[in-house]
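**Student:** Quick one: structure below, then a few questions.
The values are calculated or read from the model by the stated rules, or taken from the named source; none is laboratory data. Since the structure is predicted, the reported quantities are computational estimates derived from the model, not experimental observations. As a convention, Cβ positions derive from the backbone with ideal geometry for all residues, glycine included, and neighbour counts pool all protein chains shown.
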Amino acid sequence: MSTLTLEAPAKLNLTLDVLGKRDDGYHEMRMVMQSVSLADTLTLETAPGEGVALSTNLGFLPVDGRNLAAAAALRLQEAAGVDFGRLVIAIDKKVPVCAGMAGGSSDAAAVLRGLNTLLKLDISPEKLAQIGAGVGSDVPYCVLGGTALAEGRGEVVTPLPALPRCWVVIAKPGFPVSTPELFARLDGKRLRCHPDTAGMLAALESGDLPGVAHRLFNVFEDVLPGHRRDRVDELKQVLLHNGAMGASMTGTGPTVFGLFDREEVARAAHEAVRPLCPDSFLAQTL
Ligand code: C5P
């Protein structure tokens, strides 16, 4: 029997662009992604026997193959031709679910990384990312983490120079979003604005944090239903008025974040946003 505990960091989108719909039903994406210190904690334990037993601290989450963490374990078992006996996965969820922060994908990636270590499989990160692509579009990025460009349906990942260490205040409004619904709304709309991805890449290349902060942009904000868009805008304004260098929504939302170069400003902004949005967090970029 062996055990491993590891973190599954949340991701934020520094940019998110949708270039068009593909023949396979997915959308062609171009996104700059960033890992942050807000993370779930996973404990993996292998024991004699068979099957995957998964538990989480959130009773409403599926614990069967619909949970990406369990799906990842089964896919690795198949892809690597390994038999890990009985696998017990315990997930302590701290990253909000259905929030645009790839929490489920990051749990799946942590299972892939964790089993690779625990079972000494010696699979390269690139190969693990490839296996993860069969579990979900964001899993390959979550395997590699850090600052990266994600293209294709999200699974084509190119590492980028690390974002200079900074603070983030993350606020998740209470309303739910449906990823397929937002993609459908986008299909019916001609986008007026796109992120300056080339400018973002140049800002990262030169370690220009204000340049990064000024280029935060997510095309999904433009297709949110009116009252939800208002709520996202309101939270962004609160962050900006409290010293954020830039603010944006992440993924298909509804979570909003602001970037800060100084800890005390970020802490004060977190205090300001918390009464409006209890589901809020202070974190650092990784
Ligand atoms: O790959 P994943 O299972 O994470 O995708 C969830 C859903 O999001 C897909 O079924 C699809 O509706 C939408 N999607 C998309 N284009 C992408 C990624 C996701 O349309 N590039």
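**Student:** Considering Gly199, Gly211, Gly243, which residue is of a type outside the set (Ser, Thr, Tyr), in contact (Cβ under 8 Å) with a residue 12 or more places away in the chain, on the phi > 0 side of the Ramachandran plot and out of contact with any Ser or Thr (no Cβ under 8 Å at 6 or more places or on another chain)?
**Tutor:** Of the residues listed, the single one that is of a type outside the set (Ser, Thr, Tyr), in contact (Cβ under 8 Å) with a residue 12 or more places away in the chain, on the phi > 0 side of the Ramachandran plot and out of contact with any Ser or Thr (no Cβ under 8 Å at 6 or more places or on another chain) is Gly243.
**Student:** Residues of the stretch 179-193 being within 16 Å of the ligand (Cβ to nearest atom) and in contact (Cβ under 8 Å) with a residue 12 or more places away in the chain, which ones?
**Tutor:** Thr179, Leu182, Phe183, Arg185, Leu186, Asp187, Lys189, Leu191
**Student:** Among what's in the stretch 26-63 and is outside any loop (DSSP other than H, G, I, E, B) and of a type in the set (Ser, Thr, Tyr), pick the residue that is farthest from the ligand (Cβ to nearest atom).
**Tutor:** So in the stretch 26-63, the residues outside any loop (DSSP other than H, G, I, E, B) come out as 27-47, 51-56.
Next, from what is left, pick out any that are of a type in the set (Ser, Thr, Tyr): 35, 37, 41, 43, 46, 55-56.
Details: Ser35: 17, Ser37: 23, Thr41: 22, Thr43: 24, Thr46: 27, Ser55: 23, Thr56: 19 Å.
Filtering the stretch 26-63 for residues that are outside any loop (DSSP other than H, G, I, E, B) and of a type in the set (Ser, Thr, Tyr), the one farthest from the ligand (Cβ to nearest atom) comes out as Thr46.
**Student:** Quick one: Arg75 ticks every box in (1) more than 18 Å from the chain's Cα centre (by Cα); (2) surrounded by 14 or more Cβ atoms within 10 Å (Cβ to Cβ); (3) away from the ligand (no atom under 16 Å from the Cβ) except a single one, so which number is it?
**Tutor:** (3)
**Student:** Could you check the stretch 247-279 and list, in sequence order, the residues that are touching a Leu at 6+ places or on another chain (Cβ under 7 Å), at negative phi and of a type outside the set (A, V, I, L, M, F, W, C)?
**Tutor:** Scanning the stretch 247-279 gives Ser248, Thr250, Thr252, Gly258, Asp261, Arg267, His270.
**Student:** Looking at the stretch 93-122 only, could you name the residues that are touching an Asp or Glu at 6+ places or on another chain (Cβ under 6 Å) and within 14 Å of the ligand (Cβ to nearest atom)?
**Tutor:** Ala102, Ser105, Asp107
**Student:** Among Arg22, Arg66, which is within 16 Å of the ligand (Cβ to nearest atom), in the same structural domain as Ser124 (by TED's automatic domain parsing) and either within 16 Å of Gly154 (Cβ to Cβ) or surrounded by 21 or more Cβ atoms within 10 Å (Cβ to Cβ) (or both)?
**Tutor:** On inspection, the qualifying residue turns out to be Arg22.
**Student:** For the stretch 125-163, what are the residues that are within 16 Å of the ligand (Cβ to nearest atom), charged (D, E, K, R) and either out of contact with any strand residue (DSSP E or B) (no Cβ under 8 Å at 6 or more places or on another chain) or modelled with pLDDT under 95 (or both)?
**Tutor:** Glu155
**Student:** Here is a further query. Helices (runs of 4 or more DSSP H) wholly in the stretch 121-194 with at least 1 residues that are under 30 Å from Ala269 (Cα atoms) and touching a helix residue (DSSP H, G or I) at 6+ places or on another chain (Cβ under 9 Å) - which ones? Spell out how you get there, then give the answer.
**Tutor:** Numbers: elements: 125-133, 139-144, 179-187.
The qualifying helices (runs of 4 or more DSSP H) are 139-144, 179-187.
**Student:** Restricting to the stretch 216-227, name every residue that is under 25 Å from Arg165 (Cβ atoms) and not in a strand (DSSP E or B).
**Tutor:** Scanning the stretch 216-227 gives a single hit, Leu216.
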